[in-house]
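Input: a single structure, listed below in structure tokens.
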Amino acid sequence: MVIRLKKNKEKAILNFHPWIFSGAIASEEDGLTPGSIVRVESWEHKFLAWGHYDPKSQIRVRLFSFDLELDGREGSFWLSRWDSIYESKKKLLPKDTTGFRLFHSEGDQVPGIVVDCYDKTAVMQLKTPGALSLRSLLVSFLESKGYETIFEKGEKSEGKLDVNSIFHKGKEDEPVFSEYGIKFIADITKGQKTGFFIDQRENRALLSRYAKDKKVLNTFSYSGAFSLYALLADAKLVHSLDISKQAIELCEKNLNLNGLSSEGPDSRHKGLVLDSFDYLKTMESGLYNLIILDPPAFTKSISTVLQASRGYKDINMRAMAKIQTGGLIFTFSCSQHISFDLFKKIVFGAAKDAKKRVRILHHLTQSPDHGYSVFHPEGEYLKGLVIQVDGDT
């Protein structure tokens, strides 16, 4: 099956960008179905790439190979690529770590496929018709690597699964895995994403360097992962704050896994089921000298970037106004449509309005197993800064 581009629309592909938008296409062969493999050609009929077709998306074709020789070997092509990625990812893992992202969509040249691994459990998200067409082959591949539970996490939306499926059932519904030797539960059935935010691993490790003797507030805490790192690094006090009771309960489970607890008068941890925006607004000034701001994505569309920017500015401004002088803020945006440049401008605006002198100490991003292609900058979705609030302007 062949798709032909309009004249002078091949530049992005020649630069190895993996997306072809509908407006760039001049003609499509009859008989194309969702997930079909298509040969992409220029206006002059020159071969450009192979991709998967999606008639219901503005991203009409997601490219997976720029190699002319593909005909008749799709299965072996994917098995070879997946095996290469698997070996590469294993080499990236730090010591005592059994939770990682195996396949990261366009970042690994496997568009639409996300697989996160939690010890002997693999969780798949197949987000495009092309990815769905590879389901059976992918399950067989994961089985061959020794994964005892293979779980597909679907979403109710066009072109995606509407149910969760377990292809091969192991012993645990909530697998336990390690990150730098710290134990966590992945809530694969009810939790966010695939059950855990693996992408923050290195940023949590950085937090350990600063947490000793600190009074820490972890907003939007979810599983309490940042809180655990702080406690194990001898933080004086840690408050985990989330609007979800289920999230705080998961945080408590993770504390218990590591010999910690919120129970008793000597506990250094407290879980709070509260709205983070409200708490930041009303909390006591000077109570904390290390604050983590890791909210969910405030926008998933370019049309709501302005509204999202106001949300990010608001929480940063409130944290800057209330933190102890000299305190540190780990602040993040996981919204793909908020660029790093825009995020720094938002933090600048928050500092200006809070009338605080703020220094940037670190630029943060997603962990190495979530690496993105230099040809696909859209893959850089997680942006973060470590800032120090030095005092009033």
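The values are calculated or read from the model by the stated rules, or taken from the named source; none is laboratory data. Predicted, not measured: the structure shown is a model, and the values here were computed from it. So basically every Cβ, Gly included, is an ideal-geometry build from the backbone, and we count neighbours across all protein chains shown. Note: areas computed on protein heavy atoms with side chains; ligands, DNA, RNA excluded. Shrake-Rupley method; radii C 1.70, N 1.55, O 1.52, S 1.80 Å.
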Query raised in the report: When the C-alpha atoms of segment 30-70 are aligned to their principal axes, what extent does each axis show, in angstrom, from largest down?
Result: 25, 20, 19
Report task. Take every Cα pair under 8 Å in the chain that's 6+ residues apart, average their separations, divide by the length, and report that relative contact order as a whole percent. Result -> 11 percent
Query - Long pairs among Lys89/Lys313; Lys214/Lys345; Lys236/Lys383, criterion Cα-Cα beyond 31 Å - result: Lys89/Lys313
Query raised in the report: Considering amide H positions built from the backbone, and no H for Pro or chain starts, which residues 5 or more places from Leu102, or on another chain, come under 5 Å of its amide H?
Result: Val115, Asp116, Cys117
Query raised in the report: Using a Gaussian network model of the chain with C-alpha springs under 10 Å, which one of Lys355, Lys253, Lys95 is most mobile by mean-square fluctuation?
Result: Lys95
Query raised in the report: Of the heavy-atom accessible surface of segment 204-291 (probe 1.4 angstrom), what whole percent is carbon and sulfur?
Result: 50 percent
Report task. Take the Cα of Thr33, step 7 Å along the line toward its Cβ, and report every residue of segment 52-66 whose backbone nitrogen sits under 18 Å from that point. Result -> 52-57
Report task. Assign unit charges at the C-beta atoms only (+1 for Lys and Arg, -1 for Asp and Glu), then state the dipole size of segment 169-285 relative to its Cα centre in Debye, rounded to the nearest 20. Result -> 240 debye
**Report entry** Additional length obtainable on full extension of the chain from Asp83 to Leu361, 0.36 nm per residue less Cα span
**Finding:** 96.3 nm
Query raised in the report: For the chain, what does -39500 (n - 2.57) per DSSP helix run (n ≥ 4), summed and divided by total residues, give at 222 nm, in deg cm²/dmol to the nearest 500?
Result: -8500 deg cm²/dmol
**Report entry** Check: the chain dipole with +1 on Lys, Arg Cβ and -1 on Asp, Glu Cβ, in debye
**Finding:** 1180 debye
Query raised in the report: How large are Rg and Dmax for segment 4-58 when only the alpha carbon atoms are used, in Å?
Result: 10.4, 29
Query raised in the report: Given 0.36 nm per residue, what is the gain on full extension from Glu69 to Lys236 after removing their alpha carbon distance, in nm?
Result: 54.1 nm
**Report entry** Helical segments meeting 30 Å axial Cα length and Kyte-Doolittle -0.5 threshold in the chain (DSSP H)
**Finding:** none
**Report entry** Length added when fully stretched, Glu378-Lys7, from 0.36 nm per residue minus Cα-Cα
**Finding:** 131.1 nm
Report summary line: With T = 10 °C, eta = 1.306 mPa s and Kirkwood Rh from C-alpha pairs, the Stokes-Einstein D of segment 220-374 in µm²/s is about 95 µm²/s
Query raised in the report: What FRET efficiency comes out for the pair Ala205/Phe47, r = Cβ-Cβ distance, R0 = 41 Å, nearest 0.05?
Result: 0.40
Query raised in the report: Using the heavy atoms of the protein chains alone and a 1.4 angstrom probe, what is the accessible area of segment 37-86 per residue in square angstrom?
Result: 48 Å²
Report task. Could you work out the Rg to Rh ratio of segment 187-302, with Rh taken as the Kirkwood radius (inverse of the mean 1/r over all Cα pairs)? Result -> 0.95
Requested in this report: Can you pull the one-decimal nm distance between simple spin-label points at Ser301 and Leu257, each 7 Å off the Cα toward Cβ?
Outcome: 3.6 nm
Query raised in the report: Given a 1.4 Å probe and every protein chain left where it sits, what share in percent of the accessible area of segment 11-139 is carbon and sulfur?
Result: 50 percent
Report task. Apply 1/(1 + (r/R0)^6) to the Cβ-Cβ distance of Asp266 and Ala321, taking R0 = 30 Å, and write down the FRET efficiency to the nearest 0.05. Result -> 0.45
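Please calculate how many Å² of accessible area segment 274-393 carries per residue, with a 1.4 Å probe and no DNA, RNA or ligand atoms counted.
It amounts to 45 Å² per residue over segment 274-393.
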Query - Solvent-free Debye scattering, log10 I(q)/I(0), computed from the Cα coordinates of segment 309-385 at q = 0.12, 0.21, 0.27 Å⁻¹ - result: -0.35, -0.92, -1.32
Report summary line: By the Kirkwood definition, with r running over pairs of different Cα atoms, segment 1-151 has a hydrodynamic radius in Å of 16.3 Å
Query raised in the report: Quick one, which of (1) 5, 21, 29, 24, 14, 6, 1, 0; (2) 5, 22, 30, 25, 14, 3, 0; (3) 4, 18, 19, 15, 12, 10, 10, 7, 4, 1, 0 is the actual P(r) over Cα pairs in 10 Å bins from 0, in percent calculated for this model?
Result: (1)
Query raised in the report: Taking Rh as the Kirkwood radius computed over C-alpha pairs, what is the Stokes-Einstein D of segment 38-126 at 10 °C in a medium of viscosity 1.306 mPa s, expressed in µm² per second?
Result: 107 µm²/s
**Report entry** Simple label model, 7 Å out from Cα along Cβ direction - Lys95 to Glu148, nm
**Finding:** 2.6 nm
Query raised in the report: With all protein chains present, how much of the accessible area of segment 297-344 (probe radius 1.4 Å) comes from carbon and sulfur, to the nearest whole percent?
Result: 55 percent
Report task. Only loop residues by DSSP count here, and only those with at most 14 other Cβ atoms within 10 Å; note down the GluC sites (Glu not before Pro) in segment 55-119 that meet that. Result -> Glu69
